[in-house]
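Have a look at the structure below, then the notes.
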6 protein chains.
Amino acid sequence: MSGIVVQNIARVAPDVIDGLAACGVATVHEAQGRMGLLASYMRPIYAGARVAGSAVTISAPPGDNWMVHVAIEQLQAGDIMLLAPTSPCEDGYFGDLLATSAQARGCRGLVIDAGVRDVRDLTGMQFPVWSKAVFAQGTVKNTLGSVNVSVVCAGALVNPGDVIVADDDGVCVVPRDRAEAVLAAARAREAKEAEKRAKLAAGVLGLDIYRMRERLANKGLKYV
Amino acid sequence: MSGIVVQNIARVAPDVIDGLAACGVATVHEAQGRMGLLASYMRPIYAGARVAGSAVTISAPPGDNWMVHVAIEQLQAGDIMLLAPTSPCEDGYFGDLLATSAQARGCRGLVIDAGVRDVRDLTGMQFPVWSKAVFAQGTVKNTLGSVNVSVVCAGALVNPGDVIVADDDGVCVVPRDRAEAVLAAARAREAKEAEKRAKLAAGVLGLDIYRMRERLANKGLKYV
Amino acid sequence: MSGIVVQNIARVAPDVIDGLAACGVATVHEAQGRMGLLASYMRPIYAGARVAGSAVTISAPPGDNWMVHVAIEQLQAGDIMLLAPTSPCEDGYFGDLLATSAQARGCRGLVIDAGVRDVRDLTGMQFPVWSKAVFAQGTVKNTLGSVNVSVVCAGALVNPGDVIVADDDGVCVVPRDRAEAVLAAARAREAKEAEKRAKLAAGVLGLDIYRMRERLANKGLKYV
Amino acid sequence: MSGIVVQNIARVAPDVIDGLAACGVATVHEAQGRMGLLASYMRPIYAGARVAGSAVTISAPPGDNWMVHVAIEQLQAGDIMLLAPTSPCEDGYFGDLLATSAQARGCRGLVIDAGVRDVRDLTGMQFPVWSKAVFAQGTVKNTLGSVNVSVVCAGALVNPGDVIVADDDGVCVVPRDRAEAVLAAARAREAKEAEKRAKLAAGVLGLDIYRMRERLANKGLKYV
Amino acid sequence: MSGIVVQNIARVAPDVIDGLAACGVATVHEAQGRMGLLASYMRPIYAGARVAGSAVTISAPPGDNWMVHVAIEQLQAGDIMLLAPTSPCEDGYFGDLLATSAQARGCRGLVIDAGVRDVRDLTGMQFPVWSKAVFAQGTVKNTLGSVNVSVVCAGALVNPGDVIVADDDGVCVVPRDRAEAVLAAARAREAKEAEKRAKLAAGVLGLDIYRMRERLANKGLKYV
Amino acid sequence: MSGIVVQNIARVAPDVIDGLAACGVATVHEAQGRMGLLASYMRPIYAGARVAGSAVTISAPPGDNWMVHVAIEQLQAGDIMLLAPTSPCEDGYFGDLLATSAQARGCRGLVIDAGVRDVRDLTGMQFPVWSKAVFAQGTVKNTLGSVNVSVVCAGALVNPGDVIVADDDGVCVVPRDRAEAVLAAARAREAKEAEKRAKLAAGVLGLDIYRMRERLANKGLKYV
C-alpha cells in the first residue's frame, strides 16, 4: 500500500486559507465543532508563529526520510508539509537543508509526528515546525513511503489538501470541503468574542453574560 | 461531595504574599522544609513570571470548565486560581476570555493540572499560567464541581487561602497558617545565600564553606 | 564501586573542543556516524546556547547532590559537568549557588539526567543547562557517588574527558580519542552543506542533487 | 457534529470475521500491508483472548459514558464495541454491569482508548477488553457523543462495520471492504509460515531461507 | 518536618474493614462519591488479590528505605503499609525480606508510589503489592523520613488509620471517620447492582432501566 | 561504524552463568554493587521465567530487524540475544518464526529495548522475552546494523559475552570478567539472607537485627 505519490491534489482557495490562519487554532477548532485537533504533544519549535496552508502529506517509515525529498517536489506556494511515521518515532527527519529547499518552493512550515533538528537555524530562517520532539538523530533513505495519501497524524485524520492551521496552541486540521464554512463560523465566533471580551474586561461576570445561575442552581450548586 | 462553593475563605496578609513572591519558588520550598511542591510537569506558558497569591481552588470534572465561571465570582484582587480535575485531563479549560474576566477582578494567574489555550493572547496580556499541557481542546458546561474545597493538585494538597508561589522553577503551595513563618525563614535563607554566593564567586569551594571534607573522608571517599 | 574521585583526566585540546562547538550537535553527530546522542528529553533551560567542553562526570544517588560539590573542585576552565543519577530521578540537584561556584572555575555548563532549579537566575548568569526536568525539589548530602568514572547518561556512554557538545538540538558526546577526527569530518560536512544549501535555495531539488530518481523508481515508487 | 446514532451499518460475513480471528493480529496486520494497528499501549485485561468482530464505534466526551448505553442497543451478535474519547482520558467508562448487558446481546469484547474497571469480574465472565488503562474512576452521563461514526482510536482510523481483530499482541482494524481479501492473504501467509517454521526448527538459518547473504555483502556487512 | 514516628493511631473496626474489602475498589469508590482513588499507574504485582487494611503511612526520601524498617514496628495485624516518596522515584524499596517481616506482624500488603522487587517471591508468599514500578534497584538507609503522617500518594491524600482498599482495579482510600458510612453505602449499592445485573443479563437495556431515552432526546440525540 | 559482525566472542563458563540464573536479578544486582540494571520499563512477556545467558548483542536501526537474522547465526547454546535500537522504537522486531530459529540454536531468550509480537506463541514455546513493548508492527530489512558490538540497552552498557540475568524483577547485566566474583558475592548474600529471613519470620525486627535504633536516634528520629 506504500510507494505512491499523488501528484494532483485539490487545494482550498488562498484567501480562505489565510482567513483561517488569522483566526488561529483555538477559534478554528471551536468553529468546526471541536474536531481535528492534533495531540497536545505537538509543540512549536519557537513561539509566536501562526500559519495555515494546504497539507502535502507524507507517510514515512520510522527513521527514514526519503519521502520528504519526494514530497518537496510536490509542494506549491502556500503548502504545509505534514509527516506521519508508520510507527512511533522521534528521529530528526528534517533539518535546515530540507527547510531551505521547502522554503524555496513557498512552503509555510512543517507538522511532523516525529523529530526535527537544526532548530536554531530553522528559527533563524523563520521556518516554523510543530513536532513531537527535537532530536538530532539522523535518518536513512532506504525504504519507500507515500506522498499525498490519507494519514493519521498525532491522532487526527489528515487528507492531502486539507487545511492545516498551526500556532502556539497546537495544530488543527480542517477538511478541504468544509474550509469555507468553517472560516465563516470562525469569523462569526470572533465577532461575538470581541463583544464578550469587552463586557468581561468591564467586570461583568460570565455567570451573568451566559445566564448560568439558574441552571447551576437547578443542578444543585450550593453556596456556603 | 461536589456542588459546593465556599464563599468566605481566609487569606494571608498581602505583604506576606508579596514577600513570598519576591523570594521565589526554590527558596520558599526550602524554607518550609521541602514540602508543598507541585509535580515538575507543571510548566509556565512563558518565561520570567514570578507571582504569589491566595488560592481560590477549583475541583472540576474532566473536560468541563463550568466551575471556572463560578470561581471567578469568588476572586479578589491578589488571588490565584488553582484547578485540579477529578481525573487526569489535558483539555483546554481556560483561554483569553476567561483570563480577561479573571484579570478584571485582580487575579494574578492560574495554576491548572490540565490544559490551557490561547497562550499567545495570554502572553500578550501578561496573564501567567502554569499548566500540564497547552491544548486547544474545548470543554463543556454540564457537570458540577466545587469551588474553595481542599484539592490535590499535581501531587500537592492545596486548601483554599493557601499561598501559591509560582515562577520558572514551578509551583509551590504554602499553608495559610505557616505563611508568615515561612516568609521569615525564606528571608533568613536569602540573607545567608548572598554571603555564600560572594564566597563561591570568589572561588572558595563549597567543600570548604560547608566543611564537607572530613565527613566525606569518614564515609570513605577516595581520591585516585 | 562508588566513592571514587578520579583527579587526573585527559582532555582534548581547546581548539578542537571549540571547533566542535562551532559545528553544533547535529553536524557533529552526523560526522561521527550517528553515535553518542543523548535522549531527546534532554532539553536546554533557555534557547540559543551552543557550547562544547570536556566532561567531568558525576555518578550520584537519587536525590543526593553531595558529589556535585566534590566535582566542582575537579573542574578546569572549559569543562562541562555531566551528572547521571544511579536510578531515575528528577530532583533539582543544581541551582544558582552551585552555578556561581562552577562558573568561577571556568565551567561552561551542566548536562544532567535529572532536575535543575533557579533557572531564572541561571538564565541571567548565562550558565546553560541541559536537563531532564526543571524541578525545585531539593536534595540531601548523605550518600557517596563518584566523580570522573564512566557513566551512562540519558542513554549514552560518557567517559571523563570526552567532549560534550550541546545546543538547541540536544547533547552529543564525542569520545576523547576520536575528537580530532570527528572535527575534521564535521568541517568537511559543513563545507559540502554550504554548497548544497545554495543549490537548494535556488530551487534545485534534492531528488536531483542526490540523484535519487532512479533508485526510487527501482524500489517501485509510482507517481499517480 | 456529535449527537448522532447510525443504526444500520454494513457488516462483514461471519465466516470471514471468524477466519480473521483465527489468524490473529500479527498475521492479519502483515497480510494487509502493515496498516491498521492500534497503538501499543492498548493492552488486554487478561492473557489468551483472541477475538474478531464488527466494530460498533463510539465517540464519547472525556469522563462521560452515556453513549455506551446508547451503543449497546445497536449491538448484534458478533460485534465488538470500540470507544474513542474526544480528548485523552483514562476514566473507567465500562464495568461488569455494562459487560453483562453487552454480553447478553452477543458482543464479543470491548476496545477502548480510555479506562475500564471491574476487571476481576470481566475476567470471570471471559469478556475481553483491550484498554489504555485500568482505572476505577467513574464517569457521568451528561453530554452527547455519537455511535457508529468514523473515529480515530489509539492512532488508527476505524469506520463502523470494520473488522476488529484483537489478541495478546494488540488490536488491528481491517476495513470492511478489504476483509475478504485480507483473509485470503492472511491464510496464504500462514501456509508459508508453517513451512518456514519447520525449516527454522530444523536449524536452517533465515539467512539461507531468505537468501540474504549476497544482499548483506553488497550493502557492506563485514564479518570480523 | 520529617523525622517523626506517630505511634498511636486510631483504626477502624475490623469488620468494617473486611466489609470494605469484600465490596472492592470500584464499588467503594462509587459509594464515597468518587473520591480517594489513587492514580491508574498503581498496579498489582499479581492478579486476583483483594484486600483492605488500616494505613500505616511512610514518607520516605527518594532511594532510601530506612523508614520502612521503622514502620514495620508500628504494624498491627490487619494493617497495610503505604509509602509515598518525597519526590518521584521508582527504586525497589521493598522485597521479600521486608515482606517476611511485615507478614510476621500481620500486615496485609503494601501500596507504594515507587518500585518493588523480588516479585516472584512476593507472589509465592501471597503478599500483595500495588506499585508504580517493578524495579530491582536497591536503596540506601541514610536519611530520615516519617511514619504515620499525612501523605499524598499517587495523587490521593492519605492519613494514618484511613482504610486502604485494593484489588485488580487499583487502590482507593477511605477516610477513617467515613468508613462505616461508606460501607453502608457500598452495600446498598451492591444490593441494587444485583437486581440490575439480572435485568441486564436478561436483555433489558440500560436505556430503559435508567429511563434515559427522553433525556437523550431532549439533549438532541438523533437516530439516522 | 555499523555493518560489523564480530564472530568470536568470549563467554563465561556455563556453571557460572547457571549459578547467576539461580540467584536471580535482585540478588545479582546487589552482589555487584547495584550496577548494571536495565530500566524498569523492560518487562517479561509472561511471569515466572528466570534465565541467564551470554549476550549476543545487536545494534539495529529503528524498524529494521535484518540484523536479527544475522545474529542468530552467531548464537551458541546458552546465549541470550539483546537488541538495542539506534534510536527509540517500539516496533515488533521479533516473533515466533525468529524464536523458532533461535530456540533451535539453543538460545535462552531475548532482551529487546523495542517491541516483540506473537507473544501468545512465544509463551506457548516458553521462549522468554523482556521488552519495552508488545507491538505487532512489522519491520523491514533494508539497513545494516551490527552484531556483537558494545551497546547501551535500556540505560545499561552491554558488551558481547557479558552475562544477562533476567526474571520477573527485570534484567541485569554482569560484565564478563566480573561474573565469577559476582556469583561468589551473590551466593554469600543468599546465605546471609536465609538466616535473616528466619529471624524476620519469627518476628524479630530489622531495627534490631541491623542495630538501627541508635543511628536513627542520632539522626534525630522522634517517636510521638
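Quick look at the values:
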read-out	value
Too-long pairs where the Cα-Cα distance tops 27 Å, listed order kept, from C:196/C:219; B:222/C:132; A:222/E:199; B:132/E:219; A:132/D:141; B:192/B:222	B:222/C:132; A:222/E:199; B:132/E:219; A:132/D:141; B:192/B:222
Cβ-vector label at 7 Å, residue A:3, separations to other copies in nm	2.5, 4.9, 6.4, 6.4, 7.2
Long-range amide H partners of residue B:137 with built H, under 5 Å	B:92
Among C:65, C:142, C:159: highest mean-square fluctuation, GNM of chain C, C-alpha pairs under 10 Å	C:142
Residue order, fewest to most beta carbons within 10 Å, for A:69, C:29	A:69, C:29
Charge dipole (debye, nearest 20) of the protein assembly as shown; +1 at Cβ of Lys and Arg, -1 at Cβ of Asp and Glu	0 debye
Average beta carbon contacts from partner chains per residue of A:204-216, 10 Å cutoff	4
Helix-only mean residue ellipticity at 222 nm for the protein assembly as shown, each DSSP H run of n ≥ 4 adding -39500 (n - 2.57), per residue, nearest 500	-10000 deg cm²/dmol
DSSP-defined antiparallel bridges as percent of all bridges, the protein assembly as shown, nearest 5	45 percent
Prolate/oblate/rounded label for the protein assembly as shown (Cα gyration tensor, a/c 1.5)	rounded
R0 of 45 Å, Cβ-Cβ distance residue D:47-residue F:150: FRET efficiency to nearest 0.05	0.80
Ranked list, fewest to most other Cβ atoms within 10 Å of each Cβ, for F:97, E:122	F:97, E:122
Among beta bridges that DSSP assigns inside segment D:88-207, antiparallel share in %, nearest 5	55 percent
16 Å cut-off, amide nitrogen to a point 7 angstrom out along residue A:207 Cα→Cβ, residues in segment B:136-162	B:144-149
Across the identical copies, how the residue F:41 labels are spaced - nm, sorted shortest first, 7 Å along Cα→Cβ	0.7, 0.9, 1.1, 1.1, 1.4
Top positive-direction residue, dipole computed over chain B with Cβ charges, set B:154, B:218, B:165	B:218
Average beta-carbon neighbours from other chains, 10 Å sphere, peptide F:125-131	0
Span-like helix ranges in chain F, DSSP H, alpha carbon extent 18 angstrom or more, Kyte mean at least -1.0	F:179-201
Mean-position separation - Cα centroids, segment D:142-183 and segment F:1-73, in angstrom	38 Å
Anisotropy class of segment B:109-205 from Cα gyration tensor, a/c 1.5 cut	oblate
Closest-to-axis residue of chain C (Cβ criterion, axis taking C to B), whole Å	C:47, 6
Nm distances between copies for residue C:214, ranked from closest, using label points 7 Å along Cα→Cβ	2.0, 7.9, 7.9, 7.9, 8.4
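FYI, it's all coordinate maths here, none of it is from the lab. Keep in mind the model is a prediction, meaning the values are calculated, not measured. FYI the Cβ positions are ideal-geometry reconstructions off the backbone, even for glycines, and counts take in every protein chain you see.
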